[in-house]
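Shown next, in structure tokens, is the structure this report addresses.
The values are calculated or read from the model by the stated rules, or taken from the named source; none is laboratory data. This is a predicted model, so every value here is computed, not measured. Cβ atoms come from the backbone with ideal geometry, glycine included; neighbour counts cover every protein chain shown. Note: accessible area is taken over every heavy atom of the protein model, side chains too, but ligands, DNA and RNA are not part of it. Shrake-Rupley method; radii C 1.70, N 1.55, O 1.52, S 1.80 Å.
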Amino acid sequence: MAGYKPAAIQTYPVLGEKITQDTLYWNNYKTPVQIKEFGAVSKVDFSPQPPYNYAVTASSRIHIYGRYSQEPIKTFSRFKDTAYCATFRQDGRLLVAGSEDGGVQLFDISGRAPLRQFEGHTKAVHTVDFTADKYHVVSGADDYTVKLWDIPNSKEILTFKEHSDYVRCGCASKLNPDLFVTGSYDHTVKMFDARTNKSVISVEHGQPVESVLLFPSGSLLASAGGRYLKIWDMLKGGQLLVSLKNHHKTVTCLYLSSSGQRLLSGSLDRKVKVYSTTSYKVVHSFDYAASILSLALAHEDETIVVGMTNGILSVKHRKSEAKKDSLPRRRRPAYRTFIKGKNYMKQRDDILINRPSKKHLELYDRDLKNFRVSKALDRVLEPSCTIKTPEITVSIIKELNRRGVLANALAGRDEKEISRVLNFLIRNLSQPRFAPVLINAAEIIIDIYLPVIGQSPVVDKKFLLLQGLVEKEIDYQRELLETLGMMDMLFATMTRKESTSVLQHTSDGFLENKKMES
Amino acid sequence: MVAEESVRVVRCGGSELNFRRAVFSADSKYIFCVSGDFVKVHSTATEECVHILQGHRNLVTGIQLNPNNHLQLYSCSFDGTIKLWDYIDGILIKTFTVGHKLHALFTLACAEDSVFVIINKEKPDVFQLFSVKLPKSSSRETEAKELYLVLDYINQSPKCVAFGNEGEYVAAVRDFYLSVYFFKKKTTSRFTLSSSKNKKHAKNNFTCVACHPKEDCIATGHKDGKIRLWRNFDDGKKYTYTCLHWHHDMVMDLAFSVTGTSLLSGGRESVLVEWRDATEKKKEFLPRLGATIEHISVSPAGDLFCTSHSDNKIIIIHRNLEASAVIQGLVKDSNIFTGLMIDPRTKALVLNGKPGHLQFYSLQHDKQLYNLDIIQQEYINDDGLIQIELTKAAFDCCGNWLATVEQRQEKETELELQMKLWMYNKKTQGFVLNTKINMPHEDHITALCFCNAEKFENPTLVTASKDGHFKVWILTDDSDIYKKAVGWTCDFVGSYHKYQATNCCFSEDGSLLAVSFEEIVTIWDSETWELKCTFCQRAGNIRHLCFGRLTCSKYLLGATENGILCCWNLLSCALEWSAKLTIRVMEPDPRSENIAAVSQSSAGSDLFVFKPSEPRPLYIQKNISREEVQWGVFVPRDVPESFTSEAYQWLNRSQFYFLTKSQSLLTFSTKSPEEKLTPTSKQLLAEESLPTTPFYFILGKHRQHQDKKINEALESELVQLPLTENIPAISELLHTPAHVLPSASFLCSKFVNSLLLSKETKSGEEILEDVDMEEEKESGDDSDEERDFTEKTQDTNDTDLGEDIIHQLSKSEEKELRKFRKVDYSWITVL
């Protein structure tokens, strides 16, 4: 036979952002730590090796921060002019940076003075990177050239002069030591192969390219420039896969999350957007105080570091998980009690009797099932329920009304209990979605407690409050009706093409008003 | 070819199973219940209907086992006859004509040749209990005219009469009286509840009575929920009674168990209460039986109970209060709001069922398929409660979507309205809730229809409401990267001068939507939702609206409240014809152009079948029902009939079913629909299908063993065809290990040949034997004498035949087989 059917809880659509696993994941960060740098933070780079320090390039300095430190643990400040693009090698022991004067300097993490200086660029070097074999450095400069340097003997190996404007971004392949990509203000992204001394693929982005990113597999390329973020399929010879326009100012930086499932883009519009790399839909978005120039994620997405134009570095750490077992855990039955009899093989003459599975019921449902109506109402009038989930309280009141026992449940309450009910009414009566149910409940309360009014000052005060609320609501509704009337006049004077399609007015207010007055 | 009989209105299944107490057979294997003019025999184990005993010409009002022969069943009916049936074969044995309307039937073991019936002779409200002597004559139809009055002024319901203590007395209750008639003393004592008149609100009217089977104890149920146990009532003064009180509402029925140790009671709470030793403290419950318990009965063997419920179902309950089987008929709710629909997938009739449910009812099998819980809330069975009503439902053309509307209105201004959309899930083979829309309209929804054209890949639903709007709902893709989902959203809201929208209808190809606003019909383009044209006849509000189909798709039909049927031509936008007809039901046939309309007049309801293209009806049947016809539907036939007569051709492809105000489901047919019911084969009931219960393991094995013995005994007598055991050569062959035998292909043909009969015997005797075998199977259930007879005949036939075979084999084949054996056996014996 049919079991007990739990009371139907009316659900309401949650306004605002939908809660998905992505919003949960990306919101699970602590409040950001803000560090003031000397100038605009143009580049943040995490060391790929533990302890995952990060290098911050701002003005003429490179600061290296520890994971949780707010003070730099090391500073490279031997630049005559602005430094650019401090990047760690894969093993985390070397750091390369370009500078405004056209020099490229290689540092040891432990040392202070540069190990190598690559001279050859005539203008500012905005992008440098290590190739996959660790022994070469790629650099792009404002003199339209891209150069490949050998670290051991600090010599220039190759020069590519294919770009026709500033080269402002670049990225070396993680797999192939000979491949790297550069983006330029001439609106192109070019992939170079060190074995052929010319570009192998060139794609037209359409805007000055601010940032490029090769996916770990090397088959996809993301390029950012203008308001656009474009994904290219390199295995198909640079075919455009998607073009995304989700920012309303120039996109300045790109980063891939550690799982490779999400792509992050920072922009001058002060937003960081998170995209899914399967559907290329925005799944989450962060807001920052200033225009964003650089962005980096630590290993396992533990930290998000964002550098902004006003020189502020925002560092967000992931909340540490599982602090729950601080409570002394109750001793549970041993494992063998749970598996007891589970491995028993059914004999031929045995009859299997299944224990009927017990359905979990909420506490109020258990009370309702046993017709303890007052208790069920008490349960949902607990402060934890009324504040967090008023819709449950309202649904139970509605259910009691449907069963015809609402008056029984509301009757026979003392001062404390009735004031709890009245508090709930005062808070929620004016909400249109709860109003029909609560007005009915309020009427019943007034009917029941009218003879005893004047005995308790607390309850009387609540009743006066409720009265004031209702009066205010009536005034409000009248105003709304007046507005509606004015709008109707306006609509009536307008010439309409069709007499049939009428705008839907919000007549809820009108209905509600009538109820109030009655 | 179907003989051209006249089409007549027939009742088609769905009759009340809960009209009277169900009766168990002596071995609890079958359960009998009344079902309209028939008695149905169900198996208690499989719930299947085994037989339908048909022969009464009016409602069957009582059934009882023949106390002298427990393989026979008495039934009585309003047609004034008592019939005696052999229920195992479903044969009518005898008919006794009494001549009065019989309201109930009782039998007693001690009164061998008479039964008791309730008759009202003079006044309409005065019922009497009579004893009827059944004359012993061999003719199949006899008159039973010997009536003896037993008790006067009793209640017509058989619940209010009970025989007690092995037939020593009979107790009957009515209003505030309990009358007991003692057969030996031939006296009547009457007990009146003293408090009945003093208190105003004491509702202690008697409702039912039951008598203890062994002791002098009568249990009576009362309107206020009390059960009184009466003792010492043979003395008029010294009687005592005790009270048992658990029910909060009327006690609907009472029954003592066979031994009398426990009393069962039930009522509106739909809880079966078992009172052990007739004490207040020892009681057990079986709750949640779904609907009001109307009747309780106990099997003579004592192992089963059954309860009949107001929602037309019978629940068979084990002795340990565990429901074991449910026999469910068509649920007859008091108000059918949804009308009759056909589920396109199962071709089942769909209508309101249990409160808050839609029932799917198979017309072919007269069986409920399943209930779909729409409202999904606990049903509180209480007086004066305003329940949530399921008011509208609609299927789309392929049965993928179901839309339902439910409402509850407590006061004028407080309307709760909810629309639910259900998607058919192929995996679970059922409907799953997809979208729930709260308050889809401001006021009552008057009509609901899906766009049925299949070319529309996007399902579209239109709702019309009293708030003056009609809304178009479409299915939209709601999926994101996390999950795939579809949901329904409102696409368009239309209105026409703030008139109430009363009806809506899509044309066959889905290109046009007709919505009627009170007196005006508006036509909308379903692509752009533009108003195309309006029709207005000023002849009252439009009650029904439908488009013509197939060749008549350019016509639109509308029936108004003032009794005008209009047909508009959509091409010329003009009235084609109109007729004066008060139409209650207008249904288009999905397989043809025909439209059936049922009109209501003072004399009764008339049926008109017509094509929209011409105002002259194809077929008219006057007076199809005396009552008002509420709903009708065309059900497409699986196999088209071929009526050659022009008047009946409209019945070729579909059948028209309609529901009257008293909830009887009727149809048109040239033959009884019961003939077409798929007969449940007897094999279904065979012992093999019995569930393996603990009893089976104890008794079943024993029985199997016995059966085997019997079989062996039979074999020795009858000598059946495969006689391998009797031929030593073959048995040796079969018992020799396989690895020492020659290859099977070598042996096969000879072995098979050895089993064949020789040519001489084949011609005549084999055929004869086959016939005998069949006969034996059939006669198994017959009376003993007959069986003896057949067995004897078989004996004489078969013994010589069997000898013949043995003879044949031993001569021709044994040698061959021996040869192989000799070859191989030598080394085996050494081992």
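Descriptive notes on the structure:
- Residue in the range B:470-488 that is assigned to a loop (DSSP other than H, G, I, E, B), aliphatic (A, V, I, L, M) and more than 11 Å from every other protein chain (Cβ to nearest Cβ) present: yes
- Lone unmet requirement of (1) within 22 Å of A:Glu382 (Cβ to Cβ); (2) more than 14 Å from chain B (Cβ to nearest Cβ) for A:Asp447: (1)
Yes or no, residue by residue, for (1) assigned to a strand (DSSP E or B); (2) in contact with a helix residue (DSSP H, G or I) (Cβ under 9 Å, 6 or more places away or on another chain); (3) aromatic (Phe, Trp, Tyr):
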{"position": "B:Ala514", "(1), (2), (3)": "yes, no, no"}
{"position": "B:Trp529", "(1), (2), (3)": "no, no, yes"}
{"position": "B:Gly540", "(1), (2), (3)": "no, no, no"}
{"position": "B:Leu545", "(1), (2), (3)": "yes, no, no"}
{"position": "B:Glu576", "(1), (2), (3)": "yes, no, no"}
{"position": "B:Ala579", "(1), (2), (3)": "yes, no, no"}
{"position": "B:Met586", "(1), (2), (3)": "yes, no, no"}
{"position": "B:Glu593", "(1), (2), (3)": "no, yes, no"}
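- Candidate set from the range A:119-166 (those that are among the acidic types (Asp, Glu) and closer than 14 Å to A:Ser99 by Cβ); member that is least open to solvent (accessible area, probe 1.4 Å): A:Asp142
- Within the range B:404-468, strands (runs of 3 or more DSSP E) holding 2 or more residues that are over 20 Å from B:Met341 (Cβ atoms), within 14 Å of chain A (Cβ to nearest Cβ) and open to solvent by 10 Å² or more (accessible area, probe 1.4 Å): B:415-425, B:430-438
- Count of residues meeting criterion [under 21 Å from A:Lys359 (Cβ atoms) and either facing chain B (nearest Cβ under 7 Å) or loosely packed, with under 10 Cβ neighbours inside 10 Å (or both)] in the range A:8-22: 1
This table checks each residue for (1) of a type in the set (Val, Ile, Thr); (2) open to solvent by less than 40 Å² (accessible area, probe 1.4 Å); (3) within 9 Å of chain A (Cβ to nearest Cβ).
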site	(1), (2), (3)
B:Gln364	no, no, no
B:Leu372	no, yes, no
B:Glu378	no, yes, yes
B:Phe395	no, yes, no
B:Asn400	no, no, no
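- Unmet criterion (only one of (1) in a loop (DSSP other than H, G, I, E, B); (2) modelled with pLDDT of 75 or more; (3) not small (Gly, Ala, Ser)) for A:Pro356: (2)
- Of all the residues in the range B:79-107, those that are assigned to a loop (DSSP other than H, G, I, E, B) and either open to solvent by less than 20 Å² (accessible area, probe 1.4 Å) or at pLDDT 90 or above (or both) number 3.
- The set of residues in the range A:427-477 being part of a loop (DSSP other than H, G, I, E, B), closer than 19 Å to B:Glu414 by Cβ and polar (S, T, N, Q) consists of A:Ser430, A:Gln431.
- Scanning the range A:254-285 for residues that are away from every other protein chain (no Cβ under 14 Å), hydrophobic (A, V, I, L, M, F, W, C) and open to solvent by 10 Å² or more (accessible area, probe 1.4 Å) yields a count of 3.
- Checklist (1) open to solvent by 10 Å² or more (accessible area, probe 1.4 Å); (2) in contact (Cβ under 8 Å) with a residue 24 or more places away in the chain applied to A:Lys416, failing item: (2)
- Number of positions in the range A:178-199 that are open to solvent by 50 Å² or more (accessible area, probe 1.4 Å), over 13 Å from A:Val146 (Cβ atoms) and more than 34 Å from the chain's Cα centre (by Cα): 2
- Restricted to strands (runs of 3 or more DSSP E) entirely inside the range B:155-254, those with at least 1 residues that are open to solvent by less than 60 Å² (accessible area, probe 1.4 Å), closer than 30 Å to B:Phe78 by Cα and among the hydrophobic types (A, V, I, L, M, F, W, C) are B:161-164, B:169-174, B:177-182, B:206-211, B:217-222.
- Qualifying residue in the range A:88-95 (condition: open to solvent by less than 60 Å² (accessible area, probe 1.4 Å) and among the basic types (Lys, Arg)): yes
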